[in-house]
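Right, one structure below, let's go through it.
The values are calculated or read from the model by the stated rules, or taken from the named source; none is laboratory data. In this text, all values refer to a predicted model and were calculated from it rather than measured experimentally. Cβ coordinates were reconstructed from backbone atoms using ideal geometry, including for glycine residues, and neighbour counts include every protein chain displayed. Areas reflect the complete protein model, heavy atoms only, side chains present, ligands, DNA and RNA absent. Shrake-Rupley method; radii C 1.70, N 1.55, O 1.52, S 1.80 Å.
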Amino acid sequence: MQQIPMDLSFRSAQDRDSFFISASNQLAADWIDRWPDWPGQMRALNIVGESGSGKSHLAAVWQEQSGSVSLSKADADMVHRLMEKNATAPCFILENLTAENTDEESLFHFLNAIKSVQGSLLILSSMPIALMNWNLADLISRLKAINIAQIELPDDILLFALLEKYFAERQLVAPHNMLHYIVSRMDRSFSAVHQIGAALDREALASKKSLSINLARDVLHKQLEIDL
């Protein structure tokens, strides 16, 4: 892991964009690095964070490490099919898990199947899975035993880096004074990075102006008026 400006670390995965690490996501990144030494009744981790927080990016990093299979729903039969084809314990990713979109019996059998073959499971969700509205008592017990890593709201350092990356990917020059101006006034959320970035991109294109504090001020004022 290398150091980059502003004491922010840099992580790269094959064929993936860079992943920035700050205090808000350090715990989740450390858990990914810790695999396969995930403790507990079964080798499983629940990464929790809002949309755009980097859950899927961390899952991609782990997929490169583990060769995991990404599933849209729990599938116990898949666990056994993979074991028949490969002696290596299988690894799985379940994205955007909610109680509303999940069959509880299927999830329970899926967890048991992974545990029985000493496989690994990474679950991504917007809230801790153990706190979701489940009804099956045995499933609740299983979910409470799964390790959890919460991605907190981004700090100023991470917001700055994410904004800079957003504009760089679109080949837009973002002055540092403009980025500091935005960070000091924006909502502390990952979704705000994309909202403000997209709004500034559109405004710069429409007005045929370069990114600047004045342009950022206009965009933030317009967003404030919309919120009001």
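Within the range 171-193, can one find any residue that is more than 21 Å from LYS209 (Cβ to Cβ), modelled with pLDDT under 95, of a type outside the set (Val, Ile, Thr) and open to solvent by less than 10 Å² (accessible area, probe 1.4 Å)?
yes
For the range 89-126: of the residues being among the hydroxyl-bearing types (Ser, Thr, Tyr) and in a helix (DSSP H, G or I), which is farthest from MET78 (Cα to Cα)?
Going through the qualifying residues, I end up with SER116.
Check the range 115-136 and report whether any residue there is in contact with a Gly (Cβ under 8 Å, 6 or more places away or on another chain) and polar (S, T, N, Q).
Yes.
Could you please tell me which pairs satisfy a Cβ distance under 9 Å, a separation of 6+ or placement on different chains, a first residue in the range 104-119 that is on the phi > 0 side of the Ramachandran plot, and a second residue that is open to solvent by 10 Å² or more (accessible area, probe 1.4 Å) and of a type in the set (A, V, I, L, M, F, W, C)?
As it stands, the answer is GLN118/MET42; GLN118/ALA89, since those pairs meet every condition given.
Conditions: (1) out of contact with any Asp or Glu (no Cβ under 9 Å at 6 or more places or on another chain); (2) open to solvent by less than 60 Å² (accessible area, probe 1.4 Å); (3) among the small types (Gly, Ala, Ser). SER106 meets all but one. Number of the miss?
Going through the list (1) out of contact with any Asp or Glu (no Cβ under 9 Å at 6 or more places or on another chain); (2) open to solvent by less than 60 Å² (accessible area, probe 1.4 Å); (3) among the small types (Gly, Ala, Ser), SER106 breaks only (1).
Quick one: how many residues across the range 113-125 are modelled with pLDDT of 95 or more and of a type in the set (S, T, N, Q)?
2
Which one of the conditions (1) modelled with pLDDT of 95 or more; (2) surrounded by 14 or more Cβ atoms within 10 Å (Cβ to Cβ); (3) touching a strand residue (DSSP E or B) at 6+ places or on another chain (Cβ under 8 Å) does PRO36 fail to meet, given that it meets all the rest?
With respect to (1) modelled with pLDDT of 95 or more; (2) surrounded by 14 or more Cβ atoms within 10 Å (Cβ to Cβ); (3) touching a strand residue (DSSP E or B) at 6+ places or on another chain (Cβ under 8 Å), PRO36 is out only on (2).
Please go through the range 29-58 and give me each residue that is within 9 Å of the chain's Cα centre (by Cα) and within 21 Å of ALA130 (Cα to Cα), ordered by number.
Within the range 29-58, ILE47, VAL48, GLY49, GLU50, SER51, SER53, GLY54, LYS55, SER56, LEU58 qualify.
Under 6 Å between Cβ atoms, which residue pairs at least 6 apart in sequence (or on different chains) link something in the range 197-216 that is open to solvent by 10 Å² or more (accessible area, probe 1.4 Å) with a partner that is in a helix (DSSP H, G or I) and of a type in the set (Gly, Ala, Ser)?
Close Cβ pairs satisfying both conditions: LEU211/ALA204.
Name the residues in the range 131-162 that are within 13 Å of ALA44 (Cα to Cα) and open to solvent by 20 Å² or more (accessible area, probe 1.4 Å), would you?
Listed by number, the residues that qualify are ARG142, LYS144, ALA145, ASN147, ILE148.
What's the total number of residues in the range 43-71 that are surrounded by fewer than 19 Cβ atoms within 10 Å (Cβ to Cβ) and outside any helix (DSSP H, G or I)?
7
Can you work out which of the residues in the range 9-27 that are aromatic (Phe, Trp, Tyr) and modelled with pLDDT of 50 or more is surrounded by the most Cβ atoms within 10 Å (Cβ to Cβ)?
PHE20
I'd like to verify a number: residues in the range 72-88 that are open to solvent by less than 60 Å² (accessible area, probe 1.4 Å), closer than 23 Å to ASN101 by Cα and in a helix (DSSP H, G or I), how many?
Going through the range 72-88 one residue at a time, the tally reaches 3.
Any residue in the range 159-166 that is of a type in the set (Ser, Thr, Tyr) and assigned to a helix (DSSP H, G or I)?
Yes, the range 159-166 has at least one match.
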